[in-house]
Amino acid sequence: MKRRTALLINQCVHRGTYKIQLLKFMATAKINVSELVEKMPPTDKELEAMQKKTEQPADEKSKPQKPLEGSKFTGPDPELADSICESLLSDAPQSIEQLVGLIRDPASPEFKNYKAEYLAHVLAVYTGRPGKQNQRKIVAKTFASFLGNDKTPEYVQGFLARQLERIGDKDVASALGKLLLNEKLCDYAASALISIREGSAEQFQPVVLKANGRCKLVAIQSLAALEDVNSIKVFQKALSDDDRDIRLAGAFGIVKTADASSISILLKAADVESSYERSKMTSLCIQLAEKLNAKGKKQEAANIFKHLRDTRTDPKEKYIRDLADKWLASTVL
Amino acid sequence: MLFLRNNYLKIFTYNSIEIKFMKIINKISRRSFLKDALATGIAATVVPRYVLGGEGNIPPSETLGGALIGCGGRGPGTFSEMQKGLNVVMLARCDVRWKTTADNKTTYTDFRRVLERKDIDVVAIATPPHWHALISIAAMEAGKDVLCEKPMTRFIAEGRAVAEASKRYGRIFQIGTFGRFNEAKDPKKVLIRKIMKSGLLKKCDVVVIRRGGLKVKEWSGLVNAKPQPIPPNLDWDMYVGPSPMKPYHPHRVGGTHRGYWDYEGGGLADMAQHTLDPVTWTYGLDDTAPVEVEPNAPPAHHEVCGMWGWVELKYANGLTLVLDSAEWGDPYEKKKSRSVSLEDLSPEDREKLKSMPDPEPLLTFAEAVKQRKPAGGNAEAAFRTITIVHLANIAIRTGRKIKYDPVKEVIIGDEEANRLAYQPMRAPWHL
């Protein structure tokens, strides 16, 4: 308890002083984004050093230091963070552009600290609140304007795509789509587009035709996650691809779109020799049967279960036969 | 026939079939455990359980082939937990740090190759949590039973997928925390559960406060970390798996991974499944989730788990659950702890309660495997407990009160928060 009280006092002293300084700054100064970024809380190590300096009585200064505690990242006071965000938004989009311009790749020699990147994230989360749609759109649109641009480092584009995964909407889908042929960035962009959903499938459809390797896999799997019925042919074709992951992504797409016309080729693809792929494909067949059953397509579901019952003959696949038998016995066709 | 050698190899005859199996009797160190288990596992003939299968029940003497996926930290402890009450021979170990040494016979870096083995029946999973759901699901799809280290998952959708897989395939899932088993043996806790589940409580003003022990500082990530070269023995792509690809830094692996949203979720994710597992059983919360969650925390970092104060979670029945870190800001003082007792029921209702049966005893992992019935810490129960943790972390990460629908399992009226409950995965991984 004593330790906790001491901790709280320390926090209050440091945070209180810092808060007053920052509020004074904000009341008097015109928005200067660089200065605002540097007003973000000190890093954990800096904070520890400050605390040690103020806590230590003069006669103990010569005593050996205790090892530093682990990292403990602490953001600014929530009210203060809100006022910082409002300040930035009052001068948007220029202030947001300046803020993004200050973000550096930690691998770069120019990297100073986390603060600009963190403030950009705080701003994104702030505008993610219900009721802040207009401000959110401004932030998302400004972030998106940096995507697919050679002048913006890939690290920064990746960071921005991850923020758009949280706050993006259909208006930024085409900007994210520009990253889908970049092996380093396509995953970030795909995650954002899957979260956005609306307007996203159109970004992936042309990529499937152009892309190879990882970008192709990401595109097919993303179309599957988006349940894109316009991509059923893509999924069907993927089932016979040389790459196991693409075959599985194709099967995933057939399940997500609950496409009954693909049953026979899916079952054929699932009849591979015993392997991880076989159990995964079998699982996807079962999930397709469950989906079709839920849609009232009992006969199609039954066909899948009958096939699995008749083909999963290995003693180790008994649980699959049991599952199929149970379903077939309990379902009136 | 009974034959003993080196205290741990026995040969029995069961139903005219000779069965050889290993039983580790001595208390063992982690190193000797791994060495002996593998050496013996290779030597012993493991008769797969389907040979004796019967109607799903396995004889108590049968040997099961076991695998451990994720061998650092809690790995050996999780595997030992899986052996309790079962004769499990370790046949395979898998860890992404063995890129240069794995032989793909007994040691692996890719869990998929382990799961392809027909002689493996049970799998202990002790990887970082961003892998828990996918490996659990893949293992159950391959017909294996699973004991998975806590926390069960990294985000809400994963837990539902694990619970569905367990149900679909009739496979056993037990989470690696066992607090509820003690509660189920405590008459006072049993009474609380009976009251909570009876439907007789007119008004529920229970307040459960769990203060401290959540290791918030301990499992906080590093800001300003500069990328470093990937060690040659580490399969970094496989380590990152379904999470967003990031440059390697040693703080992201080896226990300190807990301080990153991409792999776990700080001390709260790491410790709260332990803290809450007894609470969800005692207060009958295994089939529901909070409806309102309010945080007291500074704005969170996008990658690094940091400091927070407390989170208040309210259930539809009126119960309030509070997680107070006691490591940041003012302590939670809005409400005082309050349990429930017979005094909260009318005399008539107390009589009705007496006539109600006690809760079913909880099955251990071993009992569940043998009886083919859900374990005490089954996937659905574990999912409901970890949902509390994820909701608390989402509230911390968004810095605002959120509302949750426990039936539809979505955050209501807050799209940004809901996206944290349903996160896309990096290909080729997906739920």
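The values are calculated or read from the model by the stated rules, or taken from the named source; none is laboratory data. Keep in mind the model is a prediction, meaning the values are calculated, not measured. With ideal geometry, Cβ positions are generated from the backbone for all residues, glycine too; neighbour counts draw on all protein chains shown. Side chains are part of the model used for accessible areas, which takes the heavy atoms of the whole protein and leaves out ligands, DNA and RNA. Shrake-Rupley method; radii C 1.70, N 1.55, O 1.52, S 1.80 Å.
Quick notes
- Residue ID - nearest to B:Ala269 (Cα to Cα), chosen from residues in segment B:152-169 that are surrounded by fewer than 24 Cβ atoms within 10 Å (Cβ to Cβ) and among the small types (Gly, Ala, Ser): B:Ala157
- Here the condition is being within 30 Å of B:Gln228 (Cα to Cα) and surrounded by fewer than 17 Cβ atoms within 10 Å (Cβ to Cβ); of A:Ala124, A:Ala107, A:Ala116, it holds for A:Ala107 alone.
- Breaking point among (1) in a helix (DSSP H, G or I); (2) open to solvent by 20 Å² or more (accessible area, probe 1.4 Å); (3) among the β-branched types (Val, Ile, Thr), for A:Val272: (1)
- Listed by first and then second residue, the pairs with beta-carbon distance under 7 Å, at least 6 apart or on different chains, first residue in segment B:164-180 and farther than 14 Å from B:Thr364 by Cβ, second aromatic (Phe, Trp, Tyr), are B:Ser166/B:Phe173; B:Tyr169/A:Tyr319; B:Gly170/A:Tyr319.
- For B:Glu333, the conditions (1) more than 30 Å from A:Gln157 (Cα to Cα); (2) touching a residue at least 12 places away in the same chain (Cβ under 8 Å); (3) of a type in the set (Asp, Glu) all hold with the exception of (2).
- Search result, residues across segment B:255-276 that are within 13 Å of another protein chain (Cβ to nearest Cβ) and in a loop (DSSP other than H, G, I, E, B): B:Gly255, B:Trp261, B:Asp262
- Of all residues in segment A:237-248, none are under 25 Å from A:Leu164 (Cα atoms) and within 14 Å of chain B (Cβ to nearest Cβ).
- Check on B:Ala300, at positive phi, within 14 Å of chain A (Cβ to nearest Cβ) and of a type in the set (A, V, I, L, M): no
- In segment B:302-329, the residues that are of a type outside the set (Gly, Ala, Ser) and part of a loop (DSSP other than H, G, I, E, B): B:His302, B:Glu303, B:Cys305, B:Met307, B:Trp308, B:Tyr315, B:Asn317, B:Leu319, B:Glu327, B:Trp328
- Options B:Glu149, B:Glu116, B:Glu183, B:Glu141; residue that is within 19 Å of the chain's Cα centre (by Cα) and open to solvent by 20 Å² or more (accessible area, probe 1.4 Å): B:Glu183
- Qualifying residue in segment A:143-150 (condition: open to solvent by 10 Å² or more (accessible area, probe 1.4 Å) and within 13 Å of another protein chain (Cβ to nearest Cβ)): no
- Residue satisfying condition, being touching a residue at least 40 places away in the same chain (Cβ under 8 Å), crowded, with 23+ Cβ neighbours inside 10 Å and outside the structural domain of B:Tyr263 (by TED's automatic domain parsing), within set B:Phe365, B:Phe383: B:Phe365
- Condition met for B:Arg252 (within 14 Å of chain A (Cβ to nearest Cβ) and open to solvent by 30 Å² or more (accessible area, probe 1.4 Å)): no
- Among the residues of segment A:304-318, those identified as within 13 Å of chain B (Cβ to nearest Cβ) and either open to solvent by 70 Å² or more (accessible area, probe 1.4 Å) or in contact with a helix residue (DSSP H, G or I) (Cβ under 7 Å, 6 or more places away or on another chain) (or both) are A:Phe305, A:Leu308, A:Arg312, A:Thr313, A:Pro315, A:Lys316, A:Lys318.
- Hey, B:Gly318 open to solvent by 10 Å² or more (accessible area, probe 1.4 Å), touching a residue at least 60 places away in the same chain (Cβ under 8 Å) and at negative phi or not: no
- Residues in segment B:344-361 include none that are closer than 30 Å to B:Ala161 by Cα and buried (at least 23 other Cβ atoms within 10 Å of the Cβ).
- Among the residues of segment A:121-142, those that are more than 9 Å from every other protein chain (Cβ to nearest Cβ) and of a type outside the set (Val, Ile, Thr) comprise A:Leu123, A:Gly131, A:Lys132, A:Gln133, A:Asn134, A:Gln135, A:Lys137, A:Ala140, A:Lys141.
- Unique match (being assigned by TED's automatic domain parsing to the domain that holds B:Ala316, modelled with pLDDT of 95 or more and within 22 Å of the chain's Cα centre (by Cα)) among B:Glu351, B:Glu409: B:Glu409
- Test: residue in segment B:203-220 that is part of a helix (DSSP H, G or I), at pLDDT below 95 and open to solvent by 30 Å² or more (accessible area, probe 1.4 Å): no
- Per-region count, segment B:388-402, residues small (Gly, Ala, Ser) and part of a loop (DSSP other than H, G, I, E, B): 1
- Among the residues of segment A:126-165, the ones that are among the hydrophobic types (A, V, I, L, M, F, W, C) and touching a Lys or Arg at 6+ places or on another chain (Cβ under 7 Å) come to 1 in all.
- Per-region count, segment B:403-430, residues assigned to a loop (DSSP other than H, G, I, E, B), without any contact (Cβ under 8 Å) to a residue 24 or more places away in the chain and more than 7 Å from every other protein chain (Cβ to nearest Cβ): 2
Residues are listed down the side, and each one gets a yes or a no for (1) assigned to a helix (DSSP H, G or I); (2) within 13 Å of chain B (Cβ to nearest Cβ):
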| residue | (1), (2) |
| --- | --- |
| A:Lys268 | yes, no |
| A:Ser279 | yes, yes |
| A:Ser283 | yes, yes |
| A:Glu290 | yes, yes |
| A:Gly296 | no, no |
| A:Ala302 | yes, no |
| A:Ile320 | yes, yes |
